[in-house]
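The values are calculated or read from the model by the stated rules, or taken from the named source; none is laboratory data. Everything quoted here is computed from the prediction, not taken from an experiment. Quick reminder, even Gly has a Cβ in these numbers, built from the backbone with ideal geometry, and neighbours come from all protein chains shown.
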Amino acid sequence: MDPRLKSDVNHANHSIAAKHTDESVAEDNCHKNHKNLNKVSQVGRRVRGVDEQQERQHFYHIVNCFRSYQINGLSRVSKTYRYMDSLPEHHQKLLTNYRNHLQNVCEAIEHNYKIIELIVEDISNLFENIDYTSDGQSCEGVGDGDQALKSQFLKSYTSVDSDKVNSIFKQLVREWTDQGFNERKTCFEPILTEIDTYFKDWKDKSAVHVLVPGAGLGRLPFEIAKRGFSCQGNEYSLFMLFTSNFILNKCKDRYIHTFYPWAQHYTNNVRSADQLTAVRFPDINPGDLPTNSDFSMAAGNFIEIYTEVEAWECVSTTFFIDTAPNVIDYIETIWNILKPGGIWVNIGPLLWHNSPEFSDNDSIEPSFEIIREIIISFGFEFIKEETNVSSYYTQNPHSMLAYEYHSVFFVCKKPFL
Ligand SMILES: C[S@@+](CC[C@H](N)C(=O)[O-])C[C@H]1O[C@@H](n2cnc3c(N)ncnc32)[C@H](O)[C@@H]1O
């Protein structure tokens, strides 16, 4: 057990630890608390060469992106109001219902902001051994520390950052609401079925260690842990980590919160009410895990923090491999960390998030055909492979616009030598 990880089973909230003196995976010492087994541990986030001050600034920046949601959202509506005010009077009269609708949008944004306040509440204490108050002093609750964060970095957010908060709301729908059921069925269920089938003869499921890199808000690792497997989700986005911390560690029952995930989706609405659909979350109690479950979330870049060879029986990836600038790094890491006889289960498209279409980063964008050859060249055996698997990602069910992916699904085995 790592003495630096804090566990207090008498308190509802679990602390999160950052382990930055080495890059190994932190142990979950909260696993004895059946009520709330989830602990998001920050593992190896601070890697060699990463400036501590930059990391701290990034943390504050994300806090302020969340905090900018309301002001950006309301400014967007104000701009429309101003334009409407400039229109001919007889046009303005025809827009009475639209004006009323925008008023409701403002109320939805204000309501959503209350959820955001809960997400960033106590966030300075997210990682146990990194002090994220702006002045380096300890920060209790939402008090002075958060105020200091707010004032120091208030000017640094943009509307692009605010869009990222809207994306988090969509991710929340996908992972933790009834409305996300179909997406989870197409994207998570094939993975869960495969893991269940492959490890069905293991008497002790907890001896099967499953890693989920790029875990988003943690629903897939939660579902894997719920089936009795030991599971760790990994994420490097603080947007995701702040929000998964809120869900996994602070939501103590199902349907306890309501939000308006599409409040700022102004396009492709058939009915005005669609933009203001109220959605409840979480659809399941995140504390509802078997006794002595081994479930954790680890923060950090997948290829930097998972360096221990042959440590995992299974790696499962959903909508993840195309986040790599160089996908061979991911394949190589998965090959190295899997035990012989272990499997890699993957589903998703090849959108290539770092391609010039979406970013300024360098990137390679090989087809699945080429990726397949590379996977085999490492020594993997394909034991299952399907193309054209219909799947959706954070789709607004009411929108006139829909993206359907024809994903690839595969299971690769690392053979015994
Ligand atoms: C497209 S999302 C998919 C999320 C989730 N797996 C799902 O299917 O809903 C990809 C996720 O991978 C995370 N990610 C990307 N590169 C990563 C890396 N190198 N290490 C850890 N997480 C990463 C992103 O922050 C993002 O949350």
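Key figures for this structure:
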quantity	calculated
Residue list for the stretch 240-256, filter: crowded, with 21+ Cβ neighbours inside 10 Å and in a helix (DSSP H, G or I)	MET240, LEU241, PHE242, THR243, SER244, ASN245, PHE246, ILE247, LEU248, ASN249
Which listed residue is surrounded by 23 or more Cβ atoms within 10 Å (Cβ to Cβ), charged (D, E, K, R) and farther than 18 Å from ILE115 by Cα, from ARG271, ARG219	ARG219
Odd one out for PHE358 among (1) surrounded by fewer than 16 Cβ atoms within 10 Å (Cβ to Cβ); (2) more than 13 Å from the ligand (Cβ to nearest atom)	(2)
Of all residues in the stretch 227-239 being surrounded by fewer than 22 Cβ atoms within 10 Å (Cβ to Cβ) and near the ligand (Cβ under 6 Å from one of its atoms), the one that is nearest to the chain's Cα centre (by Cα)	SER237
Scope the stretch 288-301; condition more than 8 Å from the ligand (Cβ to nearest atom), surrounded by 18 or more Cβ atoms within 10 Å (Cβ to Cβ) and assigned to a loop (DSSP other than H, G, I, E, B); matching residues	LEU289, SER293, ASP294
Scan of the stretch 240-259 for residues that are within 16 Å of the ligand (Cβ to nearest atom) and touching an Asp or Glu at 6+ places or on another chain (Cβ under 9 Å), ordered by number	LEU241, SER244, PHE246, ILE247
Selection within the stretch 178-226 - outside any helix (DSSP H, G or I) and within 13 Å of the ligand (Cβ to nearest atom)	PHE188, LEU211, VAL212, PRO213, GLY214, ALA215, GLY216, LEU217, GLY218
Hits in the stretch 157-177 - residues which are part of a helix (DSSP H, G or I), away from the ligand (no atom under 11 Å from the Cβ) and surrounded by fewer than 16 Cβ atoms within 10 Å (Cβ to Cβ)	SER159, VAL160, ASP163
Exclusive hit being in contact with a helix residue (DSSP H, G or I) (Cβ under 9 Å, 6 or more places away or on another chain) and acidic (Asp, Glu), set ASP294, ASP253	ASP294
Subset of the stretch 311-321 (residues that are within 11 Å of the ligand (Cβ to nearest atom) and within 27 Å of TRP202 (Cα to Cα))	SER316, THR317, THR318
Candidate set: the stretch 270-328, residues that are at pLDDT 95 or above and hydroxyl-bearing (Ser, Thr, Tyr); chosen: the one farthest from ALA108 (Cα to Cα)	THR307
Residue count, the stretch 302-320 (criterion: in a loop (DSSP other than H, G, I, E, B) and out of contact with any strand residue (DSSP E or B) (no Cβ under 8 Å at 6 or more places or on another chain))	3
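For (1) within 16 Å of the ligand (Cβ to nearest atom); (2) in contact with an Asp or Glu (Cβ under 7 Å, 6 or more places away or on another chain), each residue gets a yes or a no:
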position: PRO261; (1), (2): yes, no
position: GLN264; (1), (2): no, no
position: ILE303; (1), (2): yes, yes
position: THR323; (1), (2): yes, no
position: VAL327; (1), (2): yes, no
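So that you can scan it fast, the table gives a plain yes or no per residue for (1) of a type in the set (Lys, Arg); (2) more than 17 Å from VAL173 (Cβ to Cβ); (3) under 19 Å from the mean Cα position of the chain (by Cα):
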{"residue": "TYR260", "(1), (2), (3)": "no, no, yes"}
{"residue": "GLN264", "(1), (2), (3)": "no, no, no"}
{"residue": "LEU276", "(1), (2), (3)": "no, no, no"}
{"residue": "ASP288", "(1), (2), (3)": "no, yes, no"}
{"residue": "ALA298", "(1), (2), (3)": "no, yes, yes"}
